[in-house]
Amino acid sequence: MKVTVVKDILDANRRVSSVNKARFDEAKLFVVNLMSSPGAGKTALLEKTIADLKGELSIGVIEGDIQTSLDADRIEAAGATFTHQINTHGACHIDGNMIAPVLDLMDMSVLDLLVVENVGNLVCPAEFDVGEDEKMVLFSVTEGDDKPKKYPLMFQESNLMVVNKIDLLPYLDSELETIHKNARDVHPGLTIFDVSCRNGDGLDAFYGWLKEKVAAKKAG
Ligand SMILES: Nc1nc2c(ncn2[C@@H]2O[C@H](COP(=O)(O)OP(=O)(O)O)[C@@H](O)[C@H]2O)c(=O)[nH]1
Ligand SMILES: [Mg+2]
Ligand SMILES: [Zn+2]
């Protein structure tokens, strides 16, 4: 019986998310569902991206947190075109229903990219679409190189993994090659970029990926 309920919830979410997706497609707006553990650096990556691509990409961000508007405040200060904070009051992921009303608050025609920063959690955010074009997982080297094996769904559902905090590698036992191998063992076609949001290393490759995807969505 419990399995049936879970399946119904996932089916209902898929229906709402496909309506969101149709709205994004109509506006030719490229949408990313950004997922990670708490503290991997999702907001830091967005702050950097918004600042570095100012004048090139107009970026909107929907923030999902259990409580507070701390992240939306950071994103607004970074210069995002549109920012909205969702407080889930306990729910550990963002779903299609939560973002649907937010779409009425934004002018999609002035945006090139919309990012949904999901609730920090390596588990259930991977199960719930929001209507995105791409799911991406941000992984911090501080989490330990075994985590892609222990939380495989997140890495299977994402086409892109960005490995963050590589500036900290000298202080850790984690090996970058092992993180890559463990992630590609569960998802062979995974695209991977290694970055540091602290010193900017590797971010250009991620920006290139974003710009390519935005252009392809506009062209399609
Ligand atoms: N050393 C280092 N710290 C980082 C890096 N990126 C983010 N941080 C720090 O990690 C912490 C969590 O970052 P935050 O963006 O709030 O993570 P979120 O919870 O995933 O949104 C903050 O103290 C950041 O300054 C990085 O590349 N290197
Ligand atoms: Mg955050
Ligand atoms: Zn959840």
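What to note about this one:
- Some residue of region 33-52 being hydroxyl-bearing (Ser, Thr, Tyr), within 16 Å of ligand 3 (Cβ to nearest atom), crowded, with 20+ Cβ neighbours inside 10 Å and modelled with pLDDT of 95 or more: yes
- Number of positions in region 126-145 that are in a helix (DSSP H, G or I) and either under 10 Å from the mean Cα position of the chain (by Cα) or more than 16 Å from ligand 2 (Cβ to nearest atom) (or both): 3
Yes/no matrix, rows are residues, columns are (1) surrounded by fewer than 18 Cβ atoms within 10 Å (Cβ to Cβ); (2) closer than 11 Å to residue 60 by Cα; (3) in contact with a strand residue (DSSP E or B) (Cβ under 9 Å, 6 or more places away or on another chain):
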{"residue": "95", "(1), (2), (3)": "no, no, no"}
{"residue": "104", "(1), (2), (3)": "yes, no, no"}
{"residue": "107", "(1), (2), (3)": "yes, yes, yes"}
{"residue": "111", "(1), (2), (3)": "no, yes, yes"}
{"residue": "123", "(1), (2), (3)": "yes, no, no"}
{"residue": "126", "(1), (2), (3)": "no, no, yes"}
{"residue": "139", "(1), (2), (3)": "no, no, yes"}
{"residue": "143", "(1), (2), (3)": "no, no, no"}
{"residue": "148", "(1), (2), (3)": "no, no, yes"}
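- Residues located in region 66-93, provided they are touching a residue at least 40 places away in the same chain (Cβ under 8 Å) and within 13 Å of ligand 3 (Cβ to nearest atom): 66
- Among the residues making up region 95-113, those that are out of contact with any helix residue (DSSP H, G or I) (no Cβ under 7 Å at 6 or more places or on another chain) and not in a helix (DSSP H, G or I) are 104, 105, 106, 107, 111.
- Selection from region 177-195 of residues that are free of Cβ contacts under 8 Å to residues at least 40 places away in the same chain, in a loop (DSSP other than H, G, I, E, B) and either in contact with a helix residue (DSSP H, G or I) (Cβ under 8 Å, 6 or more places away or on another chain) or surrounded by 13 or more Cβ atoms within 10 Å (Cβ to Cβ) (or both): 187, 190
- Selection count where residues are of a type outside the set (A, V, I, L, M), more than 11 Å from ligand 1 (Cβ to nearest atom) and touching a helix residue (DSSP H, G or I) at 6+ places or on another chain (Cβ under 6 Å), scope region 117-133: 3
- Residue 73 surrounded by fewer than 21 Cβ atoms within 10 Å (Cβ to Cβ), more than 13 Å from ligand 2 (Cβ to nearest atom) and either at pLDDT below 95 or not small (Gly, Ala, Ser) (or both): no
- Any hit, region 101-120, residues being more than 16 Å from ligand 3 (Cβ to nearest atom), touching a His at 6+ places or on another chain (Cβ under 6 Å) and touching a residue at least 40 places away in the same chain (Cβ under 8 Å): yes
The values are calculated or read from the model by the stated rules, or taken from the named source; none is laboratory data. This is a predicted model, so every value here is computed, not measured. Cβ sites come from the backbone with ideal geometry, for glycine too, and all protein chains shown count toward neighbours.
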